[in-house]
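A short write-up of the structure that comes next.
The values are calculated or read from the model by the stated rules, or taken from the named source; none is laboratory data. From a predicted model like this one, the values you see are computed outputs, not experimental measurements. Positions of Cβ are generated from backbone atoms using ideal geometry, with glycine treated the same way; all protein chains shown enter the neighbour counts. Ligands, DNA and RNA are excluded from the accessible area calculation, which covers all protein heavy atoms including side chains. Shrake-Rupley method; radii C 1.70, N 1.55, O 1.52, S 1.80 Å.
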Amino acid sequence: MRLSRRIIAATAALTLLAGTVACSKEDDAAGDKQIDVWIAFTDYRLDWAKARADEFNAKHPEYPVVISGYDSYEVLFDAVSAAIEKGTPPEIVQYFEAATQDARDAVNKDGEPLFVSVQAAINGRADILGEPVVLEDVVDAARNYYTTDGQFSSMPWNTSTTLFYSNQSLLKKAKVDKVPETWDEIEAACAKILKLADAPKHCISWPNHGWLPEQAVAQQGGLIADNENGRAGRAQNIDYTSEELLNFVKWEKELYDNGTYYYSGKQNDWDGPQNAFAAQEVGFLMTSAGDATAIVGAGKDGGFDVEVSRMPYNGDVPYAGNLIGGATLWLTADQGDAKQDGSLAFMQFLNNPKNAADWHKTTGYIPITKAAGALLEQEGWFTENPYQKVATEQLALANGTPAATGALLGSFVSIRAVLTQAIEDVLVSGADPVERFTKAQEDAQKLLTDYNALYGG
């Protein structure tokens, strides 16, 4: 049986599943017409999604949607793997972008493909159960990433990128005239900030998560895998010793060693850097656009102005573009035509212009369709909140190369963890970047080779 490499121990997985609010297929009160949707949110975003499900259910009571939240993408990924083993996967599952190749290769307990292409399932229809189809209106950055083998494989929902957040009040005090755009400009600005009499202990922070160095590699036009980042064919080889990656790692180490960069000390920690910025313990923050609304709000609560701008880049090389982040909605196969239409209709409803615009306002994720962006323009939203347009504008600058589109890798979640660990070792343990990333490449290569052997790559 071919299952995800990320299946966790059976007892832990079953315990996790039992603790969720998802009903088992055997216990579905509505029979086999219930549509289970599993997403990786347990905060206000889960509340928002449940409210939209209630609205959909009022319109389509014959297809009741039940949404269940999980603590993280990784936890959700493992929960779905366990559900596959039981033969009870949800009808719709939210996978983050790094799980795209795993989703393409995933199979059910009978060895058949777990997911079906959303584009193929829609099959050219303009509406489904009266809900207008919006898949074809999805913005280019998300469309390009999730188009595989010529098919738009899934329904993008929460799409982000990495943005730069600046404490404008602190910059004015330090006489920094403009927000830095390049790595060199960050160093110059931080030198002024750290000379203040009441300077913060550090100047800048970002999460130690593989997505950040991947962004820096893409900005410089670099690849992390062969076969055009897995876009021209299944990726067979990892490149973690590229000039582009080492440029970023060496720069990050320099900032860490001289006290400019604040590392929370915890891998994959999104809250630590954000909390440090909110507490004015650093003047700059690089993190997801999906947190833009919360970060700007935290600045207002803390009495300082926040400016949102593009992620700074290496000014010594041409800029190629930034990657998307976030996640997309996958449609499981073998639901039956009627139930599948209910699932597809909910995907379209969730992302209709009104809902997509409201999701953007609520979270900071980009308006996922062009119609949603146009609606926000008409409402004057971007005039009142110009920072909310930065992520869309940044993604639109991408040059369309495989570097800027993003990599497709099997076992990407585990491979990304190798990258994250290597960075921590360079920062905290003083490992030599070249030596440590040579070892990281060996470890990541083994994961990819093993994955491809499992899936016939």
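For the residue pairs LYS253/LYS300; LYS201/LYS266; LYS250/LYS300; LYS50/LYS178, alpha carbon separations beyond 30 Å are given by LYS253/LYS300; LYS250/LYS300; LYS50/LYS178. For segment 275-309, backbone nitrogen atoms closer than 20 Å to the point 7 Å from GLU254 Cα along Cα-to-C-beta are found at 283-286. Think of each Lys and Arg Cβ as +1 and each Asp and Glu Cβ as -1; about the Cα centre, that makes the dipole of segment 388-457 roughly 240 debye.
Bridging of LYS109 to lysines at a Cα separation below 25 Å is possible for LYS25, LYS33, LYS86, LYS339, once same-chain residues fewer than 8 apart are set aside. Only bridges whose two residues both fall in the chain count here: according to DSSP, what percent of them are antiparallel, nearest 5? Counting only bridges with both partners in the chain, antiparallel ones make up about 70 percent. Here segment 212-368 is treated with +1 on each Lys and Arg Cβ and -1 on each Asp and Glu Cβ, and its dipole about the Cα centre works out to around 360 debye. When the trypsin sites (Lys or Arg not before Pro) in segment 194-247 are filtered for DSSP coil states and for at most 16 other beta-carbon atoms within 10 Å of their beta-carbon, the remaining sites are LYS195, LYS201. With protein chains left intact and a 1.4 Å probe, residues in segment 119-255 average 38 Å² of accessible area per residue. Accessible surface of VAL134, taken over heavy atoms with a 1.4 Å probe and every protein chain present, rounds to 20 Å². Set against the labelled values (i) 22.0, 68; (ii) 23.5, 68; (iii) 20.4, 73, Rg and Dmax of the Cα atoms in Å computed from this structure falls on (i). Pull out a ≥ b ≥ c, the square roots of the eigenvalues of the alpha-carbon gyration tensor of segment 301-457, then state rounded if a/c is under 1.5, prolate if not and a/b is larger than b/c, and oblate in the remaining case. Oblate shape, in that a/c is at least 1.5 and b/c is the bigger or equal ratio. Rounded, prolate or oblate for segment 221-365? Axes are the square roots of the Cα gyration tensor eigenvalues, ordered a ≥ b ≥ c, and the cut-off for rounded is a/c under 1.5. Here segment 221-365 falls in the oblate category. For LYS59, the aspartates and glutamates whose Cα falls under 12 Å of its own Cα, not counting residues fewer than eight places away in the same chain, are GLU131.
Protein-only accessible surface at a 1.4 angstrom probe places the residues VAL75, VAL249 in the order VAL75, VAL249, largest first. For LYS389, a cut-off of 18 angstrom between C-alpha atoms picks up these lysines, skipping any fewer than 8 places away in its own chain: LYS354, LYS361, LYS370.
Looking at the square roots a ≥ b ≥ c of the eigenvalues of the Cα gyration tensor of segment 217-260, which shape do they give, rounded for a/c under 1.5, prolate if a/b is larger than b/c, or oblate? Because a/c hits 1.5 or more and a/b exceeds b/c, segment 217-260 counts as prolate.
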